[in-house]
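Everything on this sheet refers to the single structure shown next.
What follows draws every value from the coordinates through simple rules; no lab data is involved. Everything numeric in this text was worked out from a predicted model, so none of it was measured. Glycine gets a Cβ as well: all are built from the backbone with ideal geometry, and neighbour counts include every protein chain shown.
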Amino acid sequence: MKTSIYYYTGTGNSLWAARQLAGELKSAAVNSMRRGAPESDNADAIGLVFPVHIWGLPRRVIDFVSRLPAEKYYFAVTVNSGQVAGTLTQLRKVMKARGLTLAAGFGLVMPSNYIPWGGAAPEPEQQSRFAAAGVKIKDIAVTIAGRKTGPVEKGPLWQNLLLSGLAYRLSYPKIPKLDKNFLADDKCNGCAICTMICPSGNILMHDSKPVWQNRCEQCLACIQWCPLEAIQYGKKTPGYARYRHPAVTLSDMKA
C-alpha cells in the first residue's frame, strides 16, 4: 500500500508534521500543495496536512481539494494552536460535494504562529507541544496504516457555530486583502526572500521593497521568515518574537 501526503505550510509546522507522519508510515511520499493537485497520483491513500486559518479551511486547501482524484482513502491532519473547531467538518463537506470521502481527520496542536495576536511562545512551551504532537502522530499513523475510518475531530459546539461558522464565513471573503496591514520597515535590505517564499506569488519587489498584491492567504510566511525581521503586520509586531519550526529550513520552504 502506498501513501502520499500533501502539505501546506507558512512557518513549517505542517511540513514537520507531514514528515513525522511519513516517517511513521515508512513508505509515504511528502509533497507540497504548491506543486498542484495529484491528478495522476497512484497512491491508494492521500493525506492532507495543513494549518487552521481563522478556524477553518485555508483557501489553498479548498482549491487543492477541487482537483483531487476519486477512489482514494483520504485522511487529514489540521495543525492548530488549540482550537481545531469545525475545520475538519468543513473539509468533509467540501470533499463530499466532489464525491470524495474523508475517512479520518485529526487535529494536531502545535505552537501558534499567528503573530498579529502575539509573538512566539517560550521555547519550553514549544518543545512540550512538539513532544505531545509526536506522540499523537504515532497514533494517527496506526489509523492510517490500517486504513481505518471514523468520525473526524472537532471542537465544542460553540466553536463550530461561532468560530468556524460565523467568524469564518464573515472573514473568508476578506482574506486576500488582509495584506494591507503588511509593511517593510527601514531594516529591509531588499533580499526578496519574502517574494520567493510566498505560496501565492503575492509579493513583488518595487524599488527594492516588497509590495503586496491583494492575493494574500494569511500564511504569514513573509513576516516569519524575513531574516532581518523587517516585515511588520500593523504596529505591534516590531516587539513580537518570530516563529518558525526549528526543524524546517528556508530551503525546505522554497521547495
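Backbone geometry of region 156-168 corresponds, through the Karplus equation with coefficients 6.51, -1.76 and 1.60 at θ = phi - 60°, to 3J(HN,Hα) couplings of x, 4, 4, 5, 4, 7, 7, 8, 6, x, 5, 4, 5 Hz, x marking Gly and Pro. Annotation: cysteines of the chain without a disulfide-compatible partner (Cβ-Cβ under 4.7 angstrom) are Cys188, Cys191, Cys198, Cys216, Cys219, Cys226. Here the residues Glu71, Glu125, Glu217, Glu229, ranked from fewest to most Cβ neighbours within 10 Å of their Cβ, fall in the order Glu71, Glu125, Glu229, Glu217. Of interest is the spacing of the C-alpha centroids, which for region 16-45 and region 147-178 amounts to 24 Å. Across all Cα pairs in region 3-169, the calculated P(r) in 10 Å bins from zero up to the longest distance comes to 11, 41, 38, 10, 0 percent per bin. Rounded to whole numbers, the Karplus 3J(HN,Hα) couplings from phi for region 80-93 are 8, 9, x, 10, 5, 6, x, 4, 6, 5, 4, 4, 4, 5 Hz, using 6.51 cos²θ - 1.76 cosθ + 1.60 with θ = phi - 60°, and x at Gly and Pro. Legend: residue pairs Lys93/Lys138; Lys174/Lys236; Lys2/Lys148; Lys2/Lys136, Cα-Cα distance threshold 25 Å; pairs beyond threshold, Lys93/Lys138. Residues of region 159-194 with an amide N closer than 19 Å to a point placed 7 Å from the Cα of Ser208 along the Cα-to-Cβ direction: 183-194.
I need the Kirkwood Rh of region 175-254: take the reciprocal of the average 1/r across all distinct C-alpha pairs and report it in angstrom. Every distinct Cα pair counted, the radius reaches 12.7 Å.
Compare Pro210, Pro58, Pro173 in a GNM of the chain, Cα atoms joined below 10 Å, and give the one with the largest fluctuation. Between Pro210, Pro58, Pro173, it is Pro173 that shows the largest mean-square fluctuation. Within the chain, DSSP assigns beta bridges of which about 25% are antiparallel (rounded to the nearest 5). Remark: the chain carries a charge dipole of roughly 540 debye about the Cα centre, counting +1 on each Lys and Arg Cβ and -1 on each Asp and Glu Cβ. For the pair region 192-246 and region 83-139, the centres of their Cα atoms are 23 angstrom apart.
Where does the charge balance sit around Ile175 when Lys and Arg score +1, Asp and Glu -1, over other residues with C-beta under 11 Å from its C-beta?
Cβ neighbours under 11 Å give a net charge of +3.
Using a Gaussian network model of the chain in which every pair of alpha carbons under 10 angstrom is joined by a spring, one finds that among Gln224, Gln232, Gln213 the greatest mean-square fluctuation is at Gln213.
Sorted fewest first by neighbouring Cβ atoms within 10 angstrom, Val65, Val94, Val135, Val84 come out as Val135, Val94, Val65, Val84.
For the chain, what is the calculated [θ] at 222 nm in deg cm²/dmol (nearest 500), taking -39500 (n - 2.57) for each run of four or more DSSP H residues and dividing by its residue count?
That calculation yields -8000 deg cm²/dmol at 222 nm.
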